[in-house]
1. Are any residues in segment 73-106 polar (S, T, N, Q) and closer than 19 Å to Cys144 by Cα, and if so, which ones?
2. Being within 17 Å of the chain's Cα centre (by Cα) and more than 12 Å from Met101 (Cβ to Cβ) is the filter; apply it to segment 154-175 and report the residue that is surrounded by the most Cβ atoms within 10 Å (Cβ to Cβ).
3. Evaluate the following for Glu80: is it surrounded by fewer than 21 Cβ atoms within 10 Å (Cβ to Cβ), at pLDDT 95 or above and closer than 22 Å to Ile159 by Cβ?
4. Could you check how many residues of segment 89-110 are part of a helix (DSSP H, G or I), farther than 17 Å from Trp53 by Cα and out of contact with any Leu (no Cβ under 8 Å at 6 or more places or on another chain)?
5. Can Leu50 be described as closer than 18 Å to His137 by Cα and either surrounded by 15 or more Cβ atoms within 10 Å (Cβ to Cβ) or at pLDDT 95 or above (or both)?
6. Any residue that is in contact with a strand residue (DSSP E or B) (Cβ under 7 Å, 6 or more places away or on another chain), within 27 Å of Gln25 (Cβ to Cβ) and without any contact (Cβ under 8 Å) to a residue 60 or more places away in the chain - is there at least one of those in segment 75-82?
7. Please go through segment 118-135 and give me each residue that is out of contact with any Phe, Trp or Tyr (no Cβ under 8 Å at 6 or more places or on another chain) and either buried (at least 17 other Cβ atoms within 10 Å of the Cβ) or not polar (S, T, N, Q) (or both), ordered by number.
Amino acid sequence: MKRVAVSQRVDLHPERGESRDALDQRLIDFLLAAGFIPLPVPNGLFDAGLEHWLAAVSPQALLLSGGNDIGQCLARDLTETRLLDHARSRNLPVLGICRGMQMLGHWAGSELKAVSGHVRTRHRLSGEIVAEVNSYHSQSLASCPQDFEVLARSEDGEIEAIRHLSRLWEGWMWHPERETDFASHDIQRIRQLFGETDSTQTTQGTDVS
């Protein structure tokens with residue numbers, strides 16, 4: 001099973017004086033269902049610390065998770081920027097989910113814009129990816145990042161999925177881990193992106209296309 005480095009959100013607990021890294025356990029379940037080993041990345045391992053961590057665990061792919069707005073937590077922003085630099089230098093496949101897709105765009109020089117009607121709802125996608133997906137975001141890419149192409153748009157024309165023109169990098173604005181039963185098209189797509197896994201691995205998925 002391939003090892004996937006997974007970035008984490010930052011949750012602040014001022015009543016305890018704590019800043020905690022956090023990851024939805026359903027995202028772990030989604031990666032396991034697809035046949036991958038998730039490796040949560042600590043925030044705050046800057047420069048040499050993060051390089052030592054990457055050298056020790058040797059991830060074979062990178063997933064940028066959802067949660068937090070860009071600019072809300074400097075430690076996470078810096079960590080994900082360095083992870084993308086590492087993925088580029090090692091030619092690793094990358095998937096960005098929701099904020100993760102926004103970070104891909106931000107890293108590539110795109111700006112974000114506010115959108116309405118995309119929080120706690122579902123909508124249809126059109127384009128290369130045709131499916132009904134969940135939606136939990138209040139910001140979207142203002143334009144397609146340089147060296148990327150648009151894979152799917154929502155019914156109101158917002159960018160919902162992107163793909164790099166030469167690298168195995170994709171961004172999805174929906175959360176595959178938040179489906180009651182993981183959608184088969186999400187499982188199949190992440191397997192194609194990260195590389196085929198053990199054929200004996202089983203999944204539970206429902207095609208919603």
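1. Step one: filter segment 73-106 for residues polar (S, T, N, Q), giving 79, 81, 89, 91, 102.
Answer for segment 73-106, where residues must be polar (S, T, N, Q) and closer than 19 Å to Cys144 by Cα: Thr81, Gln102.
2. Just the residues of segment 154-175 that are within 17 Å of the chain's Cα centre (by Cα), to begin with: 159-164, 167-175.
Those still in the list that are more than 12 Å from Met101 (Cβ to Cβ) too: 167-168.
Numbers: Arg167: 15, Leu168: 17.
Per the criteria, the residue is Leu168.
3. Working: surrounded by fewer than 21 Cβ atoms within 10 Å (Cβ to Cβ): no; at pLDDT 95 or above: yes; closer than 22 Å to Ile159 by Cβ: yes.
Taking the combined requirement at face value, the residue does not satisfy it.
4. Step one: list which residues in segment 89-110 are part of a helix (DSSP H, G or I), which gives 89-90, 99-107.
Cutting the leftovers down to farther than 17 Å from Trp53 by Cα gives us 99-107.
Then keep just the ones that are out of contact with any Leu (no Cβ under 8 Å at 6 or more places or on another chain); that gives none.
The number of residues fulfilling the criteria is 0.
5. Values: closer than 18 Å to His137 by Cα: no; either surrounded by 15 or more Cβ atoms within 10 Å (Cβ to Cβ) or at pLDDT 95 or above (or both): yes.
For Leu50, the condition - closer than 18 Å to His137 by Cα and either surrounded by 15 or more Cβ atoms within 10 Å (Cβ to Cβ) or at pLDDT 95 or above (or both) - is not met.
6. Looking only at segment 75-82, we keep the residues that are in contact with a strand residue (DSSP E or B) (Cβ under 7 Å, 6 or more places away or on another chain), and these are 75-76, 80.
When the remaining residues are screened for being within 27 Å of Gln25 (Cβ to Cβ), the result is 75-76, 80.
Going one step further and asking which of them are without any contact (Cβ under 8 Å) to a residue 60 or more places away in the chain, we end up with none.
No, that holds for no residue.
7. So in segment 118-135, the residues out of contact with any Phe, Trp or Tyr (no Cβ under 8 Å at 6 or more places or on another chain) come out as 121-132.
Of everything in segment 118-135, those that are out of contact with any Phe, Trp or Tyr (no Cβ under 8 Å at 6 or more places or on another chain) and either buried (at least 17 other Cβ atoms within 10 Å of the Cβ) or not polar (S, T, N, Q) (or both) turn out to be Arg122, His123, Arg124, Leu125, Gly127, Glu128, Ile129, Val130, Ala131, Glu132.
Rundown of residues vs (1) under 16 Å from Cys73 (Cα atoms); (2) in contact with a strand residue (DSSP E or B) (Cβ under 7 Å, 6 or more places away or on another chain); (3) modelled with pLDDT under 95, yes/no style:
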| residue | (1), (2), (3) |
| --- | --- |
| Val4 | no, yes, no |
| Gln8 | yes, yes, no |
| Pro14 | yes, no, yes |
| Leu23 | yes, yes, no |
| Asp29 | no, no, no |
| Ala33 | no, yes, no |
| Pro38 | no, yes, no |
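The values are calculated or read from the model by the stated rules, or taken from the named source; none is laboratory data. Keep in mind that what you see is a predicted model, and the values were worked out from it rather than measured. Please note: Cβ atoms are built from the backbone with ideal geometry, for glycine as well, and neighbour counts cover all protein chains shown.
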